[in-house]
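For reference, the structure discussed in these notes is given below.
The values are calculated or read from the model by the stated rules, or taken from the named source; none is laboratory data. Given the structure is predicted, the values throughout are model-derived calculations rather than measurements. Backbone-built Cβ (ideal geometry, glycine too); neighbour counts: all protein chains shown. Surface areas here come from the heavy atoms of the whole protein model, side chains and all, with no ligands, DNA or RNA. Shrake-Rupley method; radii C 1.70, N 1.55, O 1.52, S 1.80 Å.
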Amino acid sequence: MLELKFVRNNPDIVGRALINRNMGTELIDSLLEYDAAWRECLAEGDNLKHKRNVVTREIAQLKKENKDAASKINEMQGINSRIKEIDDNIRNYKSKINEIMLSIPNIPSETTPVGKDENDNPVVRVVGKPREFTFTPKPHWEIGEELNILDFERGSKIAGQGFTVYKGMGAKLERALINFMLDVHTRQGYLEVFPPVLINEKAMTGTGQLPKFKDDMYLCTDGYYLAPTAEVPVTNLFMDEYVENLPVFLTAYTACFRREAGKHGQDTRGIIRQHQFNKVELVKFVKPETSYEEMEKLTLDAEEILKLLKLPYRVINLCTGDIGFSAAKTYDLEVWVPAQKKYREISSCSNFENFQARRANIRFRTPEGPQFVHTLNGSGLAVGRTVVAILENYQREDGSVEIPEVLRPYMGGAEEIRKV
RNA sequence: GCCCAGGUAGUCUAGUGGUAGGGCGACGGUCUCGAAAACCGUUUCUCCUUUGGGGAUCGCAGGUUCGAAUCCUGCCCUGGGCGCCA
């Protein structure tokens, strides 16, 4: 959330941000109208309340002296109904204002390039070289089915389209990757946490998933949402708190759940886009002046996984038209997927500045008073997509798949996955 | 799910209808060569306001009242007991 005062005083800056994000600026106009009306009511209400406080004190004094206070009490009764009326207006205007404020996206950083869509995302760096195949590389779903480690039909049977069962070495590979990633990140200085994945509405609002993206979330009958990413529970750990000892670095493995509304027809085969997937997440709480430096480090910490797995990837800087709602700046890590001959997103590392901290009320103390922290997060990494990258990049002509060396200790020393 | 006890500022705690008080911690001052102790003072947040202030705030949301931390209703959370249970 932006600061109301900031929007009021800088409608042009906010408007430009909306335009760069391919949005209209009508929101700001109605916001300013409600804001003016709200402040007018506030002024009148505050005056009346001041009067009430003064007279109430006089009444208390009169009663103490055993004098008659009936006339003053009468006077107050009239004022009170007016106060109630004004309070109703104030409440209405404020909730309208809040509604709009919650739906205004973050202002992109100056280092976020202005652009229309994903075609305008500049490549920051390319690491590793795609392998030259002496045969035609198969897509991961073929490899997975032939090795009997991915079962799409049974996933659909027990859940539905977009769910997959991992079996044997496939299940083990998924688990090995989770442990490997958490071990690397804890070594990098992140504290491992294992949070709930059922989340209440307040926390979902705190990180920016609600109210705008409700349709992308799974909602349980008793009001809980399934976490679409560990970002939600982990960032909200400090909701309504003062954070001591900044910076704080956390890493978490969770299952993630996304309805992928409006994404039908994309990546329908394989496990690139699933309704349930595993992800290891990195989250940082930092002081504002260090957040961009910390973002570079966080991105490198996520990249480390790809480097250790020897997977070719590149880093792109999302432009204003492609960046997420809450983010001021985002680097996407894209891993090479041989069968598609494309780089595909495997991690998204973002600086939210104080956008989430203001929503979730996460602050730290300074001699000048409380200040909002800056929050950052990034996938380190999406586990299912890492499986995709390993199966495809490490596949052999005979259909077996070599296991990357760093993973072997996590898989009982196995060096390959072969059909059994 | 039921019963009981709780939720007051960074933290602990007092407060049963009339301006949220005290302890600790922290910070500032006096004193001192310096420090400790002692003493004095400051220490909720947020919003509005032309800088004088004002308004809200005692888990959250309503209600009663001239006036609510205090009374009423609903909800959330914590602890304890009972029930159920992987």
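Filter the stretch A:226-283 down to residues that are among the β-branched types (V, I, T) and within 27 Å of A:I390 (Cβ to Cβ), then give me how many there are. Selection size over the stretch A:226-283: 9. Where helices (runs of 4 or more DSSP H) fall wholly inside the stretch A:1-111, the ranges with 3 or more residues that are among the basic types (K, R) are A:26-64, A:70-103.
Kindly indicate whether any position in the stretch A:119-131 is touching a helix residue (DSSP H, G or I) at 6+ places or on another chain (Cβ under 9 Å), free of Cβ contacts under 8 Å to residues at least 12 places away in the same chain and not hydroxyl-bearing (S, T, Y). No: the stretch A:119-131 contains no residue that is touching a helix residue (DSSP H, G or I) at 6+ places or on another chain (Cβ under 9 Å), free of Cβ contacts under 8 Å to residues at least 12 places away in the same chain and not hydroxyl-bearing (S, T, Y).
Of the conditions (1) part of a helix (DSSP H, G or I); (2) touching a Leu at 6+ places or on another chain (Cβ under 9 Å); (3) more than 22 Å from A:E192 (Cα to Cα), A:T330 fails just one. Which one is it? All conditions pass for A:T330, except number (1). When each of A:N74, A:N106 is tested for being under 30 Å from A:I28 (Cβ atoms) and either crowded, with 16+ Cβ neighbours inside 10 Å or without any contact (Cβ under 8 Å) to a residue 40 or more places away in the chain (or both), the lone residue that passes is A:N106. Taking residues in the stretch A:351-372 that are assigned to a loop (DSSP other than H, G, I, E, B), and partners anywhere that are near RNA strand B (Cβ under 10 Å from one of its atoms) and open to solvent by less than 70 Å² (accessible area, probe 1.4 Å), the pairs with Cβ atoms closer than 6 Å and at least 6 places apart or on different chains are A:N354/A:F372.
Scanning the stretch A:41-56 for residues that are under 18 Å from A:R91 (Cβ atoms) and more than 7 Å from RNA strand B (Cβ to nearest atom) yields A:C41, A:E44, A:L48.
Out of A:L237, A:L250, A:L219, one residue alone is farther than 29 Å from A:P288 by Cβ and hydrophobic (A, V, I, L, M, F, W, C). It is A:L219.
Within the stretch A:403-420, the set of residues being part of a helix (DSSP H, G or I) and of a type in the set (V, I, T) comprises just one member, A:V406.
Of all the listed residues (A:A37, A:A43), the sole one being loosely packed, with under 12 Cβ neighbours inside 10 Å and either farther than 23 Å from A:L2 by Cα or not aromatic (F, W, Y) (or both) is A:A43.
Within the stretch A:156-165, the set of residues being open to solvent by less than 60 Å² (accessible area, probe 1.4 Å) and either modelled with pLDDT of 95 or more or not in a helix (DSSP H, G or I) (or both) comprises A:G160, A:G162, A:F163, A:T164, A:V165. Scan the stretch A:220-236 for residues that are modelled with pLDDT of 90 or more and not acidic (D, E) and jot them down. Across the stretch A:220-236, the qualifying residues are A:Y225, A:L226, A:A227, A:P228, A:T229, A:A230, A:V232, A:P233, A:V234, A:T235, A:N236. Among the residues of the stretch A:273-298, the ones that are among the β-branched types (V, I, T) and modelled with pLDDT under 95 come to 2 in all.
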